[in-house]
1. Please specify each residue of the stretch 147-169 satisfying the condition of being of a type in the set (A, V, I, L, M, F, W, C), more than 16 Å from the ligand (Cβ to nearest atom) and out of contact with any helix residue (DSSP H, G or I) (no Cβ under 7 Å at 6 or more places or on another chain).
2. What number goes with the only condition from (1) without any contact (Cβ under 8 Å) to a residue 40 or more places away in the chain; (2) buried (at least 22 other Cβ atoms within 10 Å of the Cβ) that residue 326 does not pass?
3. So which residues in the stretch 386-421 are closer than 29 Å to residue 299 by Cα and in contact with an Asp or Glu (Cβ under 7 Å, 6 or more places away or on another chain), if there are any at all?
4. Going by what's in this entry, would residue 172 be described as β-branched (Val, Ile, Thr), assigned to a helix (DSSP H, G or I) and within 16 Å of the ligand (Cβ to nearest atom)?
5. Here are some conditions: (1) at negative phi; (2) of a type outside the set (A, V, I, L, M, F, W, C); (3) touching a helix residue (DSSP H, G or I) at 6+ places or on another chain (Cβ under 6 Å). Residue 96 meets all but one. Which one does it not meet?
6. How many residues are touching a residue at least 12 places away in the same chain (Cβ under 8 Å) and within 17 Å of residue 263 (Cα to Cα) when one looks only at the stretch 217-233?
7. Just to be sure I understand the filter: pairs with C-beta atoms under 8 Å, separated by 6 or more residues or on different chains, first member in the stretch 74-86 and under 19 Å from residue 6 (Cβ atoms), second member of a type in the set (S, T, N, Q) and buried (at least 24 other Cβ atoms within 10 Å of the Cβ). Which pairs pass?
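Just so it is clear, none of the values below were taken in a lab; they were calculated from the coordinates. Every value quoted in this text rests on a predicted model; they were computed, and no experiment measured them. Using ideal geometry, Cβ is built from the backbone for each residue, glycine included, and neighbour counts are taken over all protein chains shown.
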Amino acid sequence: MPIEKYIVDQYNSELQKDHQRRFDFIAADIKNVEGIIEKLIAFQVAIPSWALGTGGTRFGRFPGGGEPRNLEEKIEDIGLIHALNQASGAISLHIPWDIPENASHIKALAAQHGLKFDAMNSNTFQDQPGQQLSYKYGSLQNVNKAVRRQAIDHNIEVIKYGIELGSEALTVWLADGSCFPGQLNFRKAFQNTLESLEEIYSALPADWKLFLEYKAFEPNFYSTTVGDWGQSFTYVNKLGPKAFTLVDLGHHLPNANIEQIVSLLLMEGKLGGFHFNDSKYGDDDLTVGSIKPYQLFLIFNELVEGMDAKGMNHAHGIGWMIDASHNVKDPLEDLLQSVEAIMITYAQALLVDRTTLQEAQNNNDTVTAQEILQQAFRTDTRALVAEARLRSGAALNPLAVYRSEKVRENLIKKRGAKTVATGL
Ligand SMILES: [Mn+2]
């Protein structure tokens, strides 16, 4: 049940007058408003195939209705989001949860919805039915060479699926680590992991990137073998020019200065991918911008500053993706909220007066520097984001259209009240 463009236009025409008033108000204060809107239109955030169903915790899962039952339906769901916001034009697949049995059919279906294939994700953090060897004690780090071999081969298989779909990146996140002191020799675990990654790296096509994602803890609670940005950075530096660090906002210890991490990785040319979410305590996977919006702004501020310093294209220089889980909300509504929060914050970061900020920094004028950042953060950029959507044929208010059109009710009618999305 795709949402037709004329339906979106009907809703927009009702809101047009109020929107125009709000847009004119903010546009009057911005020097380069057209340049900012162009950047907002170009910016696309990939949706992961595992975020379309209800998530859960180890204590329970409370599924909603109408969840996608297969890869085709996941693509349809992302197509719905993209039809409403024109800012979610890519899908990130997870293997083996979403193996494309017929790649050309899947590729064509995605193209119908205006979607591309973003980074492919491998999975060596759980055992699959019928799998020969277990990852209980790690995958690429495992003391048993045969286990490492199995995990390497899986990653190479994921690359092959990605090639068929037109993806250009592999994201590796490892649960590898240890739960108790003494369980692991840190140095040997690093060496085994590096050697395994080198094999995977050598299987990458010339135009591909490898993203190495780090995470401080969970599922292992004593050590993680790719536990922080320094460790990821060490691996990717050793691997070569096609290897990059991936930053997931929820994968840091509390109060880590993520904006500084982002800035330095960009300086070194090693920030490749980005996973958006928000958190209060750990890897909470909450809606982007729902808990710490100022932190998100400071991160975007460094992203924009760092990409501009390198002459990078904001839309394509880094792989942007949401990585969240939806325990209580309708996943599609949550994703619409997350993309909106990303666009609002990106727009705020584009408003920062960089010349004056640099002057203030050079004069040690701390107060002015802070004022400049907070001036941008306190600007209501929603009308700018809405204008970008309007010009790209999306809805002025995506969530309102989603609800008025009773999308979830229709999905439940079509798919049933008790479906379970694969992989969750
Ligand atoms: Mn992630």
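1. 147, 159, 163 - these are the residues of the stretch 147-169 that are of a type in the set (A, V, I, L, M, F, W, C), more than 16 Å from the ligand (Cβ to nearest atom) and out of contact with any helix residue (DSSP H, G or I) (no Cβ under 7 Å at 6 or more places or on another chain).
2. Against the list (1) without any contact (Cβ under 8 Å) to a residue 40 or more places away in the chain; (2) buried (at least 22 other Cβ atoms within 10 Å of the Cβ), residue 326 comes up short only on (1).
3. 399
4. Here the answer is no, as residue 172 does not meet what is asked.
5. Among (1) at negative phi; (2) of a type outside the set (A, V, I, L, M, F, W, C); (3) touching a helix residue (DSSP H, G or I) at 6+ places or on another chain (Cβ under 6 Å), residue 96 violates only (3).
6. Count: 5.
7. Short answer, once both residue conditions are applied: 81/88; 82/88.
Each row is one residue, and each column tells you yes or no for (1) in contact (Cβ under 8 Å) with a residue 40 or more places away in the chain; (2) within 26 Å of residue 294 (Cβ to Cβ); (3) touching a helix residue (DSSP H, G or I) at 6+ places or on another chain (Cβ under 8 Å).
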{"residue": "370", "(1), (2), (3)": "no, yes, no"}
{"residue": "380", "(1), (2), (3)": "yes, yes, yes"}
{"residue": "390", "(1), (2), (3)": "yes, no, yes"}
{"residue": "397", "(1), (2), (3)": "yes, yes, yes"}
{"residue": "407", "(1), (2), (3)": "yes, no, yes"}
{"residue": "414", "(1), (2), (3)": "yes, no, no"}
